[in-house]
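Peer 1: Dropping a structure here in structure tokens format, bear with me for questions.
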Amino acid sequence: MKLPVNFKIMKVHLLSRKRQTIVAMLGVTFGIGMFILMMSFMKGMNDFFEGIMLSVTPDIRIYNDYKTDYASSVTKQFFGEKQNNWIIVRHPRPKQINLNLKNASGIIEDLRKLNEVHVVSPLVSAQILFNYGPVQLGASLDGVDIREEDRLFGLTDKMASGRPENLLTAGNGILLGYKLANKLNVTTGDMVTATAPSGARLRFRVVGTYKFGIATMDEYKAYVSITSMQQLLGKSRDYITDIRLKLKDMNEAAALAPDLSRKYGYKAEDWETVNASVKAGNLIRDTFTYVLSFTLLLIAGFGIYNIMNMVIIGKMKDIAILKAEGFARKDIVQIFLSQSLIIGLIGAMAGLLLGFLLSYALSKVPWPEDEWIIIKHFPVNFDTSYYVVGMIFGLLTTGLAGLLPALKASRVDPVTILRG
Amino acid sequence: MQQNVLKAEKLNKYFHEPDTTQILHDISLSIQEGEFVSIMGKSGCGKSTLLYLLSTLDTAYEGIVIINGVTVTGLNENAMARFRNEHIGFVFQFHFLLPEFTALENVMLPALKLRKLEYQEVEQRAMEKLKQMDMHEHAHKLSGKLSGGQQQRVAIARALINDPKIIMADEPTGNLDSANTTIIFNIFNQLAQEGNTIIAVTHDHDFARKSNRILEMADGRIKT
């Protein structure tokens, strides 16, 4: 071996106290391993929740939000523009409200021309009741263009029976969530009766059931065609309540939504605003994981600091000799700092491997049976960036932990030690 | 006309703990190339202190030390280390080898640090030096496993590895039995005859008698 002399000394030092070296390395290994495991698992969790959230949330939803502020309309109508009197109206209520989007088809066409937009799916939605004998089950009935809806949420992949396109071919077909179908005790081909808030009734034939893995979708939701829905509500053919968009890049949603809102005069909500709580949850989990992992590494760092300090106390004579032989302070720092860094490097690499093995094992552990969440194994994300961060963390903590003892070693006064 | 290898002018040294006391008083001396100088005196007279000042290891003093034409006083730490590495060889009272290294590696380290020669050449030279000390058979033993006398011989080989201008020895026989003392004596004799410049602090009159010059010290002054 023809290592530079400082590294030769480092190597001999490390190898001459193998057990201490290995213990120090194990500290780093467990710290980094746990960091990788926790990050991978937390990130897997976050991805899973975000995936569920996004599977039922459009990137942008445009709808007519009813207003509670009628002050200006009243004053204008009865007192003209200029007013000298105070008018106090308590609890104003509208006589009639239309929650639809006016000129929906125009807006839809306009939206389809936008570059950023990938899918435009119009919707007529209302709360309705399904009759099951004497029992009435409430659900949200969505009248949709099923092909657009399929492109928006990927319905095809979530069908438990039948196909989404069946809605197009069968007159008055309906797609039910599988849990709702179970409750109504119907399967594909059976008839169900829906009652609108107005009291109007319509019979539908079940042409398919789907399974999102989310209770609100599977138990309280059903799909029919737009025309069926308009018929059930007794509205005209241009009655649309919502327009949902899927963008080519979902991260543009927050920026685009206000523009659309201003342009069309209706409320436009992006997915980030709607799911702020999920985002906050992700942030909290991430922070928690980083704090915990940092603590683990800090403990490993203290271990190394302790060991290096003891090594240096035991090596006072050697340091004095090296100095007398002509090794400068920076050589001494190099000799002892490189020992910590080697411990950190090898410990961290072993830690990355350990972390990978643990996360891999976790990803094979079955998730406890749960009827609300459809998931087979613990979710784990094998993102390489955590391995890079883990490596940097490992080297940084061991470097810092080794620096102080190394500097202390470099300040040893050889004369006092050599004179005995 | 012989050249001064070492020249010291008006060295004063104080210890500040527990009280400020002056250890060395205005010491001036010069040593010529090839000279074997012994420094003698009672314990506490400052002879070891003087040696460490001359060796550049101790830098807290007043006065000037010039070695081989270079004013080492006030050199920065790195330059000082480099100078020591190249020009000064040390032999201490307590052998002071690195115990985890073999005898050969101990001898090689200062030369590897100097980096004037390739590894193989350094190894070869170190082996020659060990042979000169009659220690070549123990070259690959860990130095911690050698006896005191053997360790001291390895230490002398180490002091010689970079062909230093001056060999400084702090009581090289102070910790050895009489048999080993004789061996070390003879080695120093031989080194002196080969023209090495040696400064040795010693208690031993037999040892000192072999040298060209004896500096007697008392109370921080050289007796004239």
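Peer 1: Failed condition for B:Met127, given (1) modelled with pLDDT of 85 or more; (2) within 14 Å of another protein chain (Cβ to nearest Cβ), with all others met?
Peer 2: (2)
Peer 1: Here are the criteria: (1) surrounded by fewer than 21 Cβ atoms within 10 Å (Cβ to Cβ); (2) more than 25 Å from B:Gly195 (Cα to Cα); (3) more than 10 Å from chain A (Cβ to nearest Cβ). Tell me which single one B:Asn68 does not satisfy.
Peer 2: Every condition holds for B:Asn68 apart from (2).
Peer 1: Here is a check on your reading of the model: is A:Leu292 out of contact with any Phe, Trp or Tyr (no Cβ under 8 Å at 6 or more places or on another chain), assigned to a helix (DSSP H, G or I) and farther than 18 Å from A:Glu50 by Cα?
Peer 2: yes
Peer 1: Is the stretch A:323-338 home to any residue that is at pLDDT below 85 and either basic (Lys, Arg) or assigned by TED's automatic domain parsing to the domain that holds A:Leu111 (or both)?
Peer 2: Taking every residue of the stretch A:323-338 in turn, none turns out to be at pLDDT below 85 and either basic (Lys, Arg) or assigned by TED's automatic domain parsing to the domain that holds A:Leu111 (or both).
Peer 1: Going residue by residue through the stretch A:94-106, is there one that turns out to be touching a strand residue (DSSP E or B) at 6+ places or on another chain (Cβ under 6 Å) and at pLDDT below 85?
Peer 2: Among the residues of the stretch A:94-106, not one is touching a strand residue (DSSP E or B) at 6+ places or on another chain (Cβ under 6 Å) and at pLDDT below 85, which makes the answer no.
Peer 1: For the stretch B:73-95, how many residues meet the condition of being buried (at least 22 other Cβ atoms within 10 Å of the Cβ) and either in contact with a Phe, Trp or Tyr (Cβ under 6 Å, 6 or more places away or on another chain) or part of a loop (DSSP other than H, G, I, E, B) (or both)?
Peer 2: Residues in the stretch B:73-95 being buried (at least 22 other Cβ atoms within 10 Å of the Cβ) and either in contact with a Phe, Trp or Tyr (Cβ under 6 Å, 6 or more places away or on another chain) or part of a loop (DSSP other than H, G, I, E, B) (or both): 2 in total.
Peer 1: Among the listed residues B:Ile31, B:Ile64, which satisfies the condition of being part of a strand (DSSP E or B), β-branched (Val, Ile, Thr) and more than 18 Å from B:Ile214 (Cα to Cα)?
Peer 2: None of the other options fit; the residue is B:Ile64.
Peer 1: Taking the condition hydroxyl-bearing (Ser, Thr, Tyr) and either surrounded by fewer than 23 Cβ atoms within 10 Å (Cβ to Cβ) or within 14 Å of chain B (Cβ to nearest Cβ) (or both), does A:Tyr360 pass?
Peer 2: When the stated conditions are applied, A:Tyr360 passes them.
Peer 1: Go through the stretch B:146-180 and report how many residues are polar (S, T, N, Q) and farther than 20 Å from A:Leu418 by Cα.
Peer 2: Going through the stretch B:146-180 one residue at a time, the tally reaches 3.
Peer 1: Then there's this: Which numbered condition trips up B:Gly46, out of (1) more than 21 Å from B:Phe185 (Cα to Cα); (2) in contact with a strand residue (DSSP E or B) (Cβ under 7 Å, 6 or more places away or on another chain); (3) within 10 Å of chain A (Cβ to nearest Cβ)?
Peer 2: (3)
Peer 1: Okay, next question. Looking for something away from chain B (no Cβ under 11 Å) and in contact with a helix residue (DSSP H, G or I) (Cβ under 7 Å, 6 or more places away or on another chain) - is there at least one such residue anywhere in the stretch A:319-334?
Peer 2: Yes, some residue in the stretch A:319-334 is away from chain B (no Cβ under 11 Å) and in contact with a helix residue (DSSP H, G or I) (Cβ under 7 Å, 6 or more places away or on another chain).
Peer 1: So which residues in the stretch B:49-59 are assigned to a loop (DSSP other than H, G, I, E, B) and within 9 Å of chain A (Cβ to nearest Cβ), if there are any at all?
Peer 2: Correct list: B:Ser55, B:Leu57, B:Asp58.
Peer 1: Ok, one more. Which numbered condition trips up A:Phe378, out of (1) surrounded by 16 or more Cβ atoms within 10 Å (Cβ to Cβ); (2) among the aromatic types (Phe, Trp, Tyr); (3) without any contact (Cβ under 8 Å) to a residue 24 or more places away in the chain?
Peer 2: So the condition that A:Phe378 fails would be (3).
Peer 1: Within the stretch A:316-330, restricting attention to residues that are of a type outside the set (A, V, I, L, M, F, W, C) and buried (at least 20 other Cβ atoms within 10 Å of the Cβ), which residue is farthest from B:Arg115 (Cα to Cα)?
Peer 2: Across the stretch A:316-330, the extreme among qualifying residues is A:Asp318.
Peer 1: Next up: With under 30 Å from B:Pro164 (Cα atoms), in a helix (DSSP H, G or I) and of a type in the set (Val, Ile, Thr) as the only criterion, which of A:Ile392, A:Ile346, A:Ile332, A:Ile342 stands out?
Peer 2: Going through A:Ile392, A:Ile346, A:Ile332, A:Ile342 in turn, the sole match is A:Ile332.
Peer 1: Within the bounds of the stretch A:214-221, is there any residue that is free of Cβ contacts under 8 Å to residues at least 40 places away in the same chain and of a type outside the set (Asp, Glu)?
Peer 2: no
Peer 1: Taking the stated definitions as given, is B:Arg82 at the interface with chain A (Cβ under 9 Å from one of its Cβ atoms) and among the basic types (Lys, Arg)?
Peer 2: yes
Peer 1: Could you run through the stretch A:132-160 and say how many residues are at pLDDT below 85 and of a type in the set (Gly, Ala, Ser)?
Peer 2: Total meeting the criteria: 3.
Peer 1: Can I ask one more? Can you name every residue in the stretch A:2-53 that is touching a Lys or Arg at 6+ places or on another chain (Cβ under 7 Å) and under 23 Å from B:Arg115 (Cβ atoms)?
Peer 2: Result: A:Leu3, A:Val5.
Peer 1: Tell me yes or no: at least one residue of the stretch B:192-203 is modelled with pLDDT of 80 or more, part of a helix (DSSP H, G or I) and within 14 Å of chain A (Cβ to nearest Cβ).
Peer 2: No, the conditions are met nowhere in the stretch B:192-203.
Peer 1: Another question, if that's okay. Of all residues in the stretch B:96-124, how many are in a helix (DSSP H, G or I) and either at the interface with chain A (Cβ under 8 Å from one of its Cβ atoms) or of a type outside the set (S, T, N, Q) (or both)?
Peer 2: Number of matching residues: 15.
Peer 1: (1) within 34 Å of the chain's Cα centre (by Cα); (2) at pLDDT below 85; (3) aromatic (Phe, Trp, Tyr): which one isn't true of A:Phe30, the others all being true?
Peer 2: Every listed condition holds for A:Phe30 apart from (2).
The values are calculated or read from the model by the stated rules, or taken from the named source; none is laboratory data. What you are looking at is a predicted structure, and each value in this text was computed from that prediction instead of being measured. Please note: Cβ atoms are built from the backbone with ideal geometry, for glycine as well, and neighbour counts cover all protein chains shown.
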